[in-house]
Structure formats: C-alpha cells, structure tokens
Amino acid sequence: MMLAMGPASASIPGRCLRWLVDATDRLLRRIHGIIEFETHAGGLFRIELGQVEREILLSDGTHLRRGDLVIELHLWNEQVLPVPLEGIDLGWAVRIRRQMLTTLHRLALHLREDRRLDKVRAIRMQPADAGWRPDSSFARVLTKIGFEPAEDGAPEGGGLHRFLDDLWMWLLTWTHNPRLLKGRQFQRKRRAFWISRPRFLALYGDGRSLPANAGPADRSSSAPPKKSATLG
C-alpha cells in the first residue's frame, strides 16, 4: 500500500485527509482515555491507564497479576522530531532518545506525585514494528532504557483488526512525519515491553541521567491526570 507524500500531502485532498486523521485520533483518544500527563512541548508520550491481561513475571521479580493497574505509553505523534530531508541519521536518533528519556523522567515524577496512580504496578509499551525481531534496533533501544519484552504479546485479533491497525499506524505516520514511511513495510507486528514500577522509579525517579546500560535487572536482585490526549 502506498500513500502520496511530499507535495501531494500539501494539496487540498491531502490537507483534508490530515484533518480527518487528526479528528479521528482525538476521538479515539477520548474513547480510550489516552491523556497528556504534561503540557511540556518536548513530551514524547501520552498515557492510558489500563489493566494487566494475564500473569507476567518480570526479570526483577515483580509478579503482575491479571487486573493489576498498568500505565500504557502511546507515542505523541505530533511531537516526534521531523525526520531530516536526507533521512534518519545519528543526530536525529540521539535527539529522539534524549526526548524519550526526558519524558520518562517527568513521568516518574508525575507517578510519585499523583496519589491516584499509587496502585499502578508497571509501565508498558506496545510499539508496532515491521517483522519484529528480538535483535531489532528499536527492541535494543527499549531494553537499554530499562524495558523488557514479555511473552504475553499484544492481542493480534483477526485479519481485519490487524489490517485496520496497520492502516491507522500508516495514516498517523503519513500525517505527522511522512519521511518515516521511507522503506517501511505496511504490515506491522506489536510486541509488549514492560518495566515494573519499582525499577522505573529507580531508573527515572531521581531526576538524574539514565545509566549507560540500564537493561532489565538481574532476577536475583532483589485517575488519571488531566484530559486532552495516540494509539500506537
């Protein structure tokens, strides 16, 4: 599947399509309770308060049970840095990583200050990646900043559900950062990455920079805010 990019996206039909995608996105965020926990211009994630679907044992010994509260992170598409004309380069990747870490530090502060979130036991991301591989670059980034994959996976649903999810992710990317579509496969696969509340606060709650290698802890070591709020 291919959508026009470049000059076509600035045409009247292109502007109408972008408006429709934005309006649908706002509606979906309202339905799913996806909100902005901060108003900072550099924020990279919105959040959704959800529940654990099945038992999961994380590497730091945290045992998540069905029904436990979890914060789901959703990419704030409008605030992802535009990809340079030349394409993704090291400078862009470094700035995105810095933006991600800064947002996680502010989320840790919010998690500690908002008493309505006291029962949240973990933070989860379910990114869509093309042909997910354990050694993919995005998976390596997530593990280095403290998240770990779990074998629960994201619900795949039926073929129609997967197609609509792929289409929606494509439209969001085309609307907000179309150069990210270069070389990207249409079909994507979601995988859940987790970090327990204690580990998240240990890594991000002191306001300092994240350690260079902050992968999952060794197993032997020991409300929602104000509305406004993407799926993805």
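No lab work stands behind these numbers, since they all come straight from the coordinates. All figures in this text were calculated on a predicted structure; none of them were measured in a lab. Every residue, glycine as well, gets a Cβ built from its backbone with ideal geometry; the counts of neighbours run over all protein chains shown.
Annotations
- In this calculation the C-beta distance from residue 24 to residue 184 is compared with R0 = 22 Å, giving a FRET efficiency of 0.60.
- Scattering profile of segment 29-204 at q = 0.08, 0.11, 0.15 Å⁻¹ [log10 I(q)/I(0), Debye over alpha-carbon scatterers]: -0.25, -0.48, -0.94
- Cβ-Cβ FRET estimate between residue 167 and residue 12, R0 fixed at 22 Å, reported to 0.05: 0.50
- Anisotropy class of segment 18-132 from Cα gyration tensor, a/c 1.5 cut: prolate
- Efficiency of FRET from Cβ geometry, residue 41 and residue 119, R₀ 30 Å, rounded to 0.05: 0.50
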